[in-house]
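> This structure is in structure tokens; I'll ask about it shortly.
The values are calculated or read from the model by the stated rules, or taken from the named source; none is laboratory data. Predicted model only: the values in this text are computed from it and were never measured. Accessible surface areas use protein heavy atoms only, side chains included; no ligands, DNA or RNA. Shrake-Rupley method; radii C 1.70, N 1.55, O 1.52, S 1.80 Å.
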Amino acid sequence: FVQVLFARHQYKMWTESKLFMKLPYSIYLCIIASVLLLSGCANTYYCTLNSRGVSPSEKTYYVAPEDSDMEYSLEFQEYAEMLKTHLNSSGYEEAGYKTAALRIELGYGIGEAYLESTSASTTSALPYGNYSVTYTIPIGTDQGSTKIGQGIVTYGRANESAIHTYKIPLYVVIRAFDTVTNKPVWEIIVEDDLDRETQIQTVMPWIFLSAKDYFGRSSNGEQTPHIRNTRETREMYQLVWPY
């Protein structure tokens, strides 16, 4: 409902401007679609996920760290409790390590930050109305101009005003092993990109919730789970929006 009101508000602002009146109908449709898309993305969590394996007949388990050095860390204990909550609500039953049928290993970590994009932006006021247009030019673009309505925005070579966007890869691995044979039963690998390392604590609950539907089943290739950022979802799973 809020997204619809926001789109209507944007639509009203554009329709009342001279700039809007000079836009082709196809561009108008693109503007409205972009507003709805951006507002939707801002309210949805998504990650990438691959899973393999089958659902076991015996579902008693205990959780162990993939790296034994993590076993007594507060961080691992916090994430292990999150994982147990979702396992228990999915038909699994926690047990002692001596009697459990499954050993479920949890591993996670972050990789080196990588450069996602490099760009430069410029803003120019159009000759009519109090509107300005901001657009992005790839680094290395030669001097030129861009027509927008009746205005012409000029720009130079975009080398010195670069905007660098970095991402930090996060991976989470959940694997179930038979405690008698030590053979793997199922596994889930989830990946996401962080803007900063401190996001991991708020992102992990969303990752476990995304993985929940894939305990003991194959994803049949890479999937992109989506979780709507609604008040009901946050309250039910005690989530905090990380972005």
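> Top to bottom by accessible area (1.4 Å), largest first, where do F208, F177 land?
Numbers: F208 0, F177 35 Å².
So, going from the largest accessible area down, we get F177, F208.
> Now a separate question. Calculate, for segment 180-243, the solvent-accessible area per residue in square angstrom, rolling a 1.4 angstrom probe over the heavy atoms of the protein chains. Each step should come with its number before you reach the end.
Working: 3760 Å² over 64 residues.
Using a 1.4 Å probe on heavy atoms only, each residue of segment 180-243 averages 59 Å².
> With a 1.4 Å probe and all protein chains kept in place, how much accessible area does E94 have, in Å² rounded to the nearest 10?
90
> What percentage of the solvent-accessible surface of segment 63-115, computed with a 1.4 Å probe over protein heavy atoms, is contributed by carbon and sulfur atoms?
C and S atoms contribute 49 percent here.
> For L194, what residues show an amide H to amide H distance below 5 Å, using hydrogens built from the backbone and excluding near sequence neighbours?
Hits under the 5 Å cutoff: I168, L170.
> I've got another one for you. Over the heavy atoms of M82, what accessible area does a 1.4 Å probe trace out, to the nearest 10 Å²?
Here the accessible area works out near 40 Å².
> Could you order H86, H164 by accessible surface area, starting with the largest, using a probe radius of 1.4 Å? Please report the intermediate quantities before stating the final value.
Values: H86 20, H164 105 Å².
Of H86, H164, the descending order of accessible area is H164, H86.
> Could I ask something else about it? Looking at this model, which pairs from K59/K183; K98/K212; K59/K98; K183/K212 are more than 18 angstrom apart at the alpha-carbon?
Numbers: K59/K183 15 Å; K98/K212 25 Å; K59/K98 14 Å; K183/K212 21 Å.
Long pairs (Cα-Cα over 18 Å): K98/K212; K183/K212.
> Sort R103, R231 by heavy-atom solvent-accessible area, probe 1.4 angstrom, most to least. Could the numbers behind the result be given before it?
Values: R103 40, R231 150 Å².
If we order R103, R231 from most to least accessible, we get R231, R103.
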